[in-house]
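See structure below.
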């Protein structure tokens, strides 16, 4: 297997042109009248309602969502899509391709540069009873399209078509985002070796110790919700590192996707100049940091932000006055200090480091655990996130996890009646927070993950596990160490790679459902996104219409993942039931039906979806 260091020493592949065009998405808007005409193509005749930047049309369980700004729209018949009792005969790949092409041509929705990228079998899986009897049944076939722009294809949520086929060749779902692009210039591509310094700093691990699983050169097309209309060549890297948990002598390979990396100097890259991590600051001392910006178009705006103290300053050099000493349960923990750059074209990048502010002489770290159970302020949300893995041997740093988790927390905590119970990041996020009391090493989930109604983790993951940047008690959280829902917890998000894999690898989570209703995660690798996944999930889960039959949590998860990720990413959901429960129909409290707790579940259902 090639290492990242080997790839970073290579020139550009011979078949890749040295210069490529840059495109700009033309501004597109959609009026309520245009949304009405679009809805008619799906047999929806109700007048659209508009809020939050989208138009919505419904008919029973059929839903059309059309963005007001940008080309994207999404239709689904949720009486069929991902419903266990809807089991059409599976389609073979040639027939699925034929049907999808014919449908798009008939509707006038097939651009000349659309190419089929994949055909995905959308089956559901079920485990039942003490013996964990397994059953799989078909639900749909999804045909994924990309756009070809010269020698490269598109990547990302802003340029994709997905056709979901059900029984009798019926289209039961469609995601369609085809931007209008115009060329605005050319760029000279940077060979991989030109990325070496930047990637070494941002990944926080030696490139010689990182495996390169895949390197794809593509035009990244962001969601129109991001506000970025420029489309330029990027590298999409699939990497893997080895880490050895405390309870094992065998290293575990943890695979992950990088956020799209500019393949030219068209977009800016920022790196904080820090010799080591975490940096330590004496009490009362100034924090002095600087950063380097390469690429992009001047002038630049650089902003510094602390996860504890908020805005710190602007400019490429930071001199920050006294920072808080951050505590958690009588431990001193770090600030995550982020430098973000935005160039004249509105393109941006960020980099973060850890800074530990030592306590003053005689100052004792404080911080108590919250009370257990339902108290005033209920219901509760709590989040944990990791992007800097200095305390987890072998694991590389990643990006976007803080924005996803904190975006979810902020949006949910702002809903009527909700309160935030915790927001722990990097070395303040601990594995024991999700582990039950008598699990190996001991756990404290009754104070943290199982002491909120909705918990959200964002960071590294692998099949049946997720990972922390600290070792309290360990940095690997295993499915078998979770017993969730015997406290307050109803729902858990794992925004982490491969935590819930298909073909029944996911059933390692069955025993963790002890009152837990639903778990949301990923079958494949995933990444940070713009807009953040957590923010969009909360948006759809709290959508401002009384449509309790439409926007249950599973629907909200599918919509959010479709808006945030490339079609190669596959999201997943597990829900558990017993007699008298129907967790698959759950909504946020106060916004629709919530099932009784499945305290002794005997049926677990898994679905995965191409995003």
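Listing for the model above:
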{"quantity": "Segment 269-357 - share of DSSP beta bridges that are antiparallel (%, nearest 5)", "calculated": "90"}
{"quantity": "For the chain, the spread of Cα positions along each principal axis, largest first, Å", "calculated": "73, 61, 46"}
{"quantity": "Segment 24-180: C-alpha pair distances exceeding 22 Å, %", "calculated": "47"}
{"quantity": "Kirkwood-based shape ratio for segment 380-610, expressed as Rg/Rh from alpha carbons", "calculated": "0.93"}
{"quantity": "Pair residue 33, residue 5: separation of 7 Å Cα→Cβ label points (nm)", "calculated": "6.5"}
{"quantity": "Centre separation in Å (Cα based) which lies between segment 277-319 and segment 100-136", "calculated": "46"}
{"quantity": "Where N is the number of residues in segment 34-104, Cα Rg divided by 2.2 N^0.38 Å", "calculated": "1.29"}
{"quantity": "Protection proxy ranking of 571-583, 290-302 - average other beta-carbon atoms within 10 Å, highest first", "calculated": "571-583, 290-302"}
{"quantity": "Nitroxide proxy distance, nm - points 7 Å out along Cα→Cβ at residue 503 and residue 216", "calculated": "1.9"}
{"quantity": "Segment residue 183-residue 579, extension gain: residue separation times 0.36 nm, minus the distance between their alpha carbons", "calculated": "136.7 nm"}
{"quantity": "Computed [θ] at 222 nm, deg cm²/dmol, the chain (DSSP H ≥ 4; -39,500 (n - 2.57); rounded to nearest 500)", "calculated": "-3500 deg cm²/dmol"}
{"quantity": "Gyration tensor (Cα) of segment 262-310, equivalent ellipsoid semi-axes in angstrom", "calculated": "27, 13, 9"}
{"quantity": "Tail beyond 19 Å, pair distance distribution of segment 239-394 (Cα, percent)", "calculated": "66"}
{"quantity": "Inter-probe distance in nm under a simple model that places probes 7 Å from Cα toward Cβ, at residue 101 and residue 132", "calculated": "4.3"}
{"quantity": "Length-normalised contact order of segment 380-610 in % [C-alpha pairs under 8 Å, at least 6 apart]", "calculated": "18"}
{"quantity": "Viscosity 0.692 mPa s, 37 °C: Kirkwood-radius Stokes-Einstein D of segment 269-357 over Cα pairs, µm²/s", "calculated": "243"}
{"quantity": "Separation between Cα centres of segment 511-576 and segment 428-465, rounded to whole Å", "calculated": "20"}
{"quantity": "Gained length - residue 242 relative to residue 344, 0.36 nm times residue gap less alpha-carbon distance", "calculated": "32.8 nm"}
{"quantity": "Segment 168-281 shape via C-alpha gyration tensor axes, a/c threshold 1.5", "calculated": "oblate"}
{"quantity": "Part-to-part distance (alpha-carbon centres) for segment 166-231 and segment 30-97, which is given in Å", "calculated": "26"}
{"quantity": "Sorted by Cβ neighbour density within 10 Å, fewest at the top, the residues 276, 146", "calculated": "276, 146"}
{"quantity": "Mean Cα-pair separation over length for the chain, i.e. relative contact order, pairs under 8 Å, 6 or more apart, %", "calculated": "11"}
{"quantity": "Relative contact order (%) - criterion: Cα under 8 Å, at least six apart; region: segment 1-59", "calculated": "21"}
{"quantity": "Reciprocal of mean inverse Cα separation for segment 537-611 (Kirkwood radius, Å)", "calculated": "13.2"}
{"quantity": "Mean shadow area of segment 370-428 over all directions, Cα convex hull, nm²", "calculated": "4.6"}
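Coordinate-derived values only; no laboratory data. This one's a predicted model, so the numbers in the text were calculated from it and none came from an experiment. Note that we place each Cβ from the backbone using ideal geometry, even for glycine, and neighbour counts take in every protein chain shown.
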